[in-house]
Amino acid sequence: MPSEDSVRPELFSYLATDPMAQLLDIVFEEIRPGYARARMPVTHRLLNAPGTAHGGAMMALVDVVHAAVSNSHGVLAVAQDVHTEFLSAGVEGDVLVCEGVELSRTQRTAVYRIDVRTARPGHPEGRLLATALARVFRVGTPLLDAPGADAQGS
């Protein structure tokens, strides 16, 4: 659920209804300027041949969260690079929790750290499965026709 310092409801809706997010049952819990958090259940359809969470599914989760956090200032940002380290495997029944945090932002570029963890009953913030360092180019185009888009950076 969005907190007081969340992005405007229109921007939250715009970012949270990413078609890939809908396809993978990714649900955003929070988006605020410079931060995004979402969850994705590991279903049978998201497993690889050995029976663990598919790396492509985890990368898709990272990418969806990366898109939300990097566009959370209301200005179009496009990915330039995402470097991901897979540290452990998720299993069917896990819920993957993905958080993206802004590390640096200028007028034209920004860098984010994005972590994927498991969430299980009794272990709401489980082990770290993957971590990514991601960079975007900030195009400068407002995402929505409304005040509040920060094209300049801080």
**OP:** Would you check if there is a residue in segment 78-86 being assigned to a loop (DSSP other than H, G, I, E, B) and either among the hydrophobic types (A, V, I, L, M, F, W, C) or crowded, with 22+ Cβ neighbours inside 10 Å (or both)?
**Re:** no
Original post:
Could you list, in sequence order, the residues of segment 107-154 that are modelled with pLDDT of 75 or more, assigned to a loop (DSSP other than H, G, I, E, B) and not small (Gly, Ala, Ser)?
Top reply: Gln107, Arg108, Arg127, Leu143, Leu144
**OP:** Determine which member of the set Pro2, Pro33, Pro50, Pro41 is surrounded by fewer than 21 Cβ atoms within 10 Å (Cβ to Cβ), farther than 24 Å from Leu129 by Cα and at pLDDT 95 or above.
**Re:** Pro33
Subject >> Of all residues in segment 28-63 being under 21 Å from Leu143 (Cβ atoms) and assigned to a loop (DSSP other than H, G, I, E, B), the one that is nearest to the chain's Cα centre (by Cα) >> reply: Gly34
Original post:
If you check His66 against the conditions, is it assigned to a helix (DSSP H, G or I) and either modelled with pLDDT of 95 or more or farther than 24 Å from Pro9 by Cβ (or both)?
Top reply: yes
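The values are calculated or read from the model by the stated rules, or taken from the named source; none is laboratory data. Model, not experiment: these values are computed from the prediction. In this analysis, Cβ positions are derived from the backbone assuming ideal geometry, glycine residues included, and neighbour counts consider all displayed protein chains.
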